[in-house]
1. For the chain, set up a Gaussian network in which alpha carbons nearer than 10 Å are linked by springs, and say which option among I211, I76, I86 fluctuates the most.
2. Could you work out the relative contact order of the stretch 7-237? I mean the mean sequence separation of Cα pairs under 8 Å and 6+ apart, divided by the number of residues, in percent.
3. Using a cut-off of 24 Å between alpha-carbon atoms, which lysines can reach K199, once sequence neighbours fewer than 8 places away in the same chain are excluded?
4. Using a simple charge model, +1 on the beta-carbon of Lys and Arg, -1 on the beta-carbon of Asp and Glu, nothing else, what dipole does the stretch 7-237 show about its Cα centre, in debye to the nearest 20?
5. Can you give the longest run of the chain that contains no trypsin sites (Lys or Arg not before Pro) sitting in a DSSP loop with at most 14 other Cβ atoms inside 10 Å?
6. List the residues whose amide H sits under 5 Å from the amide H of F116, counting only those 5 or more places along or on another chain, with H placed 1.01 Å from N in the peptide plane.
7. Among G22, S173, M89, whose Cα lies farthest out toward the positive end of the dipole of the chain, if unit charges sit on the beta carbon of Lys, Arg (+1) and Asp, Glu (-1)?
8. How many nm separate the modelled label positions at S120 and L23, each set 7 Å beyond the Cα in the direction of the Cβ?
Amino acid sequence: MAFSTGPRVAQGRYATAQVDVGLRQYMLAVYNYMGLGLAITGVVAFAVASAVMSSPAFAQTLYGTPLKWVVMLAPIGFVFFLSARIQTMSVGAAQLTFWLYAAVMGLSLASILLVFTGESVARVFFITAATFGAMSLYGYTTQRDLSQFGSFLFMGLIGIVIASLVNIFMASSALQFAISVIGVVVFVGLTAYDTQRIKEAYYGADASDVIAKKSIMGALTLYLDFINLFVMLMQLMGNQRQ
């Protein structure tokens with residue numbers, strides 16, 4: 001007996017294929033935004049570090065005045081602003097805000113290039129990239145529901161923030177080591193968890209502008225996972241300048 005493919009079955013397969021193509025394009029946009037954001041951060045960090053090393057006056061202005069608090073806290077302000085306002089922003093405004101955030105983060109991270117050797121920064125960056133890539137790929141491809149780890153990872157993140165604030169006053173190397181170790185574990189887990197969550201967010205978006213905004217927020221989330229993982233690994237593996 002010959003079996004023919006009915007119109008409903010064919011239509012269903014076509015719809016599935018369309019979703020798969022759309023999902024790939026959406027995730028590619030997420031990674032492209034994130035990658036370009038990291039590139040902007042790196043360029044700004046290198047430029048600022050070079051300026052600081054060549055100009056003591058600029059270094060004094062940036063790190064010896066109240067401006068240092070702006071450098072430290074501005075990235076946090078951008079994250080809260082973009083998270084709270086993206087639903088009412090145009091896609092272009094959301095993109096611009098993300099690029100500005102990446103540049104400001106570069107200004108903040110320039111201190112890493114001043115404290116650690118260039119060789120160790122490059123080594124840790126590639127280690128971070130490899131770890132991030134592996135965990136993000138796992139989060140994208142796994143059939144396991146990672147949402148069960150969300151509460152645990154969030155509590156770990158809150159603990160890291162509180163411990164980091166306490167250590168500003170304690171300046172304990174032992175506590176900093178513990179924060180870095182726990183931070184690596186937490187952000188490795190968050191990379192997989194957030195990737196799966198970003199992937200699932202695609203299915204809840206219909207309009208093209210909604211998908212574009214979700215790709216920007218997804219890029220911001222993964223960007224933060226990458227940067228924090230990089231910073232934690234630098235604390236553990238970086239070689240300081242003599």
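None of the figures in this text is laboratory data; all of them are computed from the coordinates on show. Since we're looking at a predicted model, the values are computed, not measured. In this analysis, Cβ positions are derived from the backbone assuming ideal geometry, glycine residues included, and neighbour counts consider all displayed protein chains.
1. Residue with maximal mean-square fluctuation among I211, I76, I86: I76.
2. This gives 30 percent for the stretch 7-237.
3. Here the lysines satisfying the reach criterion relative to K199 are K213, K214.
4. The calculated dipole for the stretch 7-237 is roughly 240 debye.
5. Excluding the exposed sites themselves, the longest stretch runs over 1-143.
6. R241
7. G22
8. Going from the S120 label point to the L23 one covers 4.2 nm.
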